[in-house]
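The values are calculated or read from the model by the stated rules, or taken from the named source; none is laboratory data. What you see is a predicted model; the values in this text were computed from it and never measured. A quick note on method: Cβ atoms are made from the backbone with ideal geometry, for glycine too, and the neighbour counts reach across all protein chains shown.
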Amino acid sequence: MKKTALIILAIIVLIFLGLGIHWAVWEMKPPVPGKDLVDYGTFITVNGMQIHTQHEGTGTPVILIHGYTGNLYTWRFNISDLATEGLSVWSMDLPGFGYSDKPKEFGYTLADYADFLAAFMDAEGITKATLVGNSMGGSVAMMTYLRHPDRVQKLVLIDSAGYPKEEGGFFIFNLMRYPVIGDLLMSFNYRWVIKQSMLSGIYYDNRFVTDDVIDSYYKVYKTENGKKAPLWVGRRFDWDNDLNADTIKTIAVPALIVWGRQDTLIPVAHAYYFGRDIKDSTVVVIPEAGHLPHEEQADTVNALIADFARQK
């Protein structure tokens, strides 16, 4: 019995030693500047941060806001098509994500992101815009309206976060909120791990999990603080209280609610919560689409956004 206990203890020590060495090796890897990893878009300075952004078209201003751990690559099927519809379309990698800077001193709260978006609009000379947000980006869009209502013309919420106690979601995202555990998990974000996570429910049709899609999520972790910033966001967001039914009910601009029927991260029921609580809103549920309907059913979503944004 004593020998067995010693063997088990030795195995545990070896496991933790291996994890510690892996973590140390990850920490010692030199970061790669975002500008050296991406060949599309451009970089502008907002509040002292280098922000990766893309802009196409002229006309009615529209800003596309990605979700948690995402970047503007998610709008690759939308930016140009919306621009051809008479819209002036911007997107950016939010601070902490994509190829934008990820400074430790940025707040990474929902309010910080809303204030950043207003500063981004100032930097780009945008007085007022329709904000289109997917997942966490929907929460950023709504909070921007709540903090800067004069800057928001309309809202388009695509599979948006915003209500507490979601029935869906990934267990792994919850674990990432915990110190040490989250850091260890992020240190194992190898390309094959990214691929498996992408195949586990983000899309309805996993044929969208191409090499380019995997690389768009993987390469950003090579940047400075690339594997740390998502943890800072997950720990500083108050996902259950930053927004709730009471605050959402105060939204007084037109809203289009778009949802993938097969979303396994945020259930389709939440689309109808938004439709219930935002007075001037329309709900459209799109079949054969998961958490990213703007990718899987781009033509349908583009038509909805263009028509909605142009309406007087």
Being acidic (Asp, Glu), in the same structural domain as Asp215 (by TED's automatic domain parsing) and under 21 Å from Val132 (Cβ atoms) narrows Asp39, Asp81 down to just Asp81
Exactly one of Pro103, Pro95 is in the same structural domain as Asn47 (by TED's automatic domain parsing), in a loop (DSSP other than H, G, I, E, B) and in contact with a strand residue (DSSP E or B) (Cβ under 6 Å, 6 or more places away or on another chain), and that residue is Pro95
Picked from segment 252-265 (must be in contact with an Asp or Glu (Cβ under 9 Å, 6 or more places away or on another chain) and not aliphatic (A, V, I, L, M)), the residue surrounded by the fewest Cβ atoms within 10 Å (Cβ to Cβ) is Arg261
Flagged in segment 128-147 as more than 11 Å from the chain's Cα centre (by Cα) and in contact (Cβ under 8 Å) with a residue 60 or more places away in the chain, in numbering order, are Lys128, Ala129, Thr130, Leu131, Val132, Ala141, Met142, Met143, Tyr145, Leu146
query: Is there a residue being touching a helix residue (DSSP H, G or I) at 6+ places or on another chain (Cβ under 6 Å), basic (Lys, Arg), modelled with pLDDT under 95 and surrounded by 15 or more Cβ atoms within 10 Å (Cβ to Cβ) anywhere in segment 228-251?
result: no
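Identify the residue in segment 134-150 that is of a type in the set (S, T, N, Q) and part of a helix (DSSP H, G or I) and, among all such residues, is modelled with the lowest pLDDT.
Looking at the filtered set, the residue picked out is Ser139.
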